[in-house]
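Values in this text are rule-based calculations from the coordinates and carry no lab data. In this text the structure is predicted, and so the values were computed from the model without any measurement. As a convention, Cβ positions derive from the backbone with ideal geometry for all residues, glycine included, and neighbour counts pool all protein chains shown.
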Amino acid sequence: MAQWHMRYTAATCDPDDFTPENGWKLKTTSYNRETELLIAITSYNEDKILYARTLHNVMLNIRDICNTKASKFWRRSAEEGCPGWQKIVVALVADGLDPMDKEVLDVLQTIGVFQDGILKKEVDGKKTEAHIFEYTTQLSIDATPQLVQPHPGDPNNLVPVQIIFVLKQENSKKINSHRWLFNALGRQLQPEICVLLDAGTKPGHKAIYHRGACGEIHAMIKKGIKLLNPLVAAQNFEYKMSNILDKPLESSFGYVSVLPGAFSAYRYKAIQGRPLTQYFHGDATLAARLGKKGIYGMGIFTKNMFLAEDRILCFELVAKAGEKWVLQYVKPSKAETDVPEQAAELISQRRRWLNGSFAASVYSVFHFFRLYRSGHGPIRMFFLHIQAINFLTVGINWLAFYSRSASVSFSPGLLSRISGSHSPLSSNYFLKVPISTYSARLTLPTGSILCSHGYIWPF
């Protein structure tokens, strides 16, 4: 069958123009199958171990979906003679040929998804924008790395997986990779659900089957001496607190403010229209076409907002006019991800996250009125109003660092004036080093309560 032969396409067009009307048609669409799941793995320069770990676990998840007896949909599909794997497509989108690890290309070539030596830099004088490979394979390489092959009669064999590998010629950032996914591949495949994964993320058992809009992300804890790394421990604690406190509460209101870019899922029809349009305003390759609406017309605040573009997509989806889409956190949908182990990497990552998150939070507060144009009912709107009041604490959070600094600087002096200059409470007897510089925020409609600072007493 043709599906077992690799097909190569040198796309010389923009993702928005990759349509059958313009002569661009995916091989997968020629089989006239419905696509239920489009699973996307975006990558940049990840090594072969990280890449193989993600791809292999995705293939294991697809096998579990096809073999499950708990779902009427997938069981009925198999009974009707349409195996579940025919309704699932995996899209691998690599952000640039030069930065991509060449050992990853060796891995993809081993399983039949890539072939070296056939890439064309231009066609009929037009520069190639992306190299597209299509193939259906039952081979995989695990994180060991070892080749995983099917064996006759083995019930644990991997099922065939339809893979579309999009290798962009130039590095044009992750948001452009998503434009290839949603506007080029998605428009032709018309999937029901789009699952987004970053290379290096390891989806857990049946994580894709549960496919919540927001899954549980936890830090990948390594063994040996690396287990004692305080930066990894702090990030793991942060992920746990978010998964235990923040996301379940936000999910009950219907709006999860942050969907993890490393592992999340959307209904394709829900993000069509304004959500994707606003989301792609941050794509530098659209700057000339968008004019003042693109990045060249953006101020500092708006550019900061696009450092956390996932948050923009979340708000636009919930606030979509005439619709009543909600975002849900699904705890059984688990995935592991690597976290920075060095201070420089952590600071670089969090600087981008915090700037973008703060700007996106302000954006959602100032555009809250757009929720009145949505189709949400009165009860849902009531809870969204409560959540909006909570977002107003953004201003207090902005001043939280000053509040801590002020309490450290002024509290000892104030106590010394109350107790006398020779009292043990005098500022001279204090080591002005806070032993807890956290602000334990009690999330209330009235704002945030900052507490509390301790000091080390001299012996």
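When each of the peptides 139-145, 314-320, 379-385 is scored by how many other beta carbons lie within 10 Å of its residues on average, the order from highest to lowest is 314-320, 139-145, 379-385. Pair-distance distribution of the range 286-331: all C-alpha pairs, bin width 10 Å, starting at 0; shares per bin in whole percent are 23, 37, 30, 9, 0.
With 0.36 nm allotted per residue and the present C-alpha distance subtracted, the ALA321-TYR31 stretch has 100.9 nm of extension available.
If r is the Cβ-Cβ distance from ARG76 to TYR372 and R0 is 60 Å, what FRET efficiency results, to the nearest 0.05? Present the calculation step by step, with values, prior to reporting the outcome.
Values: r = 40 Å, r/R0 = 0.67.
FRET efficiency, ARG76 to TYR372: 0.90.
Cross-link pairs exceeding 18 Å in C-alpha to C-alpha distance, out of LYS48/LYS202; LYS303/LYS324; LYS120/LYS173; LYS120/LYS168; LYS121/LYS168; LYS173/LYS320, comprise LYS303/LYS324; LYS120/LYS173; LYS173/LYS320. Residues of the range 53-93 falling in the label zone of HIS205, defined by backbone nitrogen less than 18 Å from a point 7 Å along Cα to beta-carbon, are 56-71. Cross-link partners of LYS127 among aspartates and glutamates, defined as those whose alpha carbon lies under 17 angstrom from its own and excluding same-chain residues fewer than eight positions apart: ASP14, ASP16, ASP17, ASP95, ASP98, GLU170. If you sort the three axes of the alpha carbon gyration tensor as a ≥ b ≥ c, you get a/c of 1.5 or more for the range 102-243 and a/b above b/c, which makes it prolate.
Show me the ranking of peptides 18-30, 355-367, 148-160, 49-61 by mean Cβ neighbours inside 10 Å, starting with the highest.
49-61, 355-367, 18-30, 148-160
In the range 2-211, Cα pairs under 8 Å separated by at least six residues give a relative contact order of 39 percent.
The length gained on full extension between LYS269 and ALA344, counted as 0.36 nm times the residue separation minus their Cα-Cα distance, comes to 23.0 nm. Per the Kirkwood formula applied to alpha carbons, the range 2-211 shows a radius of gyration over Rh ratio, Rg over Rh, of 0.95.
Going from the fewest other Cβ atoms within 10 Å to the most, the residues LYS331, LYS174, LYS127 appear in the order LYS127, LYS331, LYS174.
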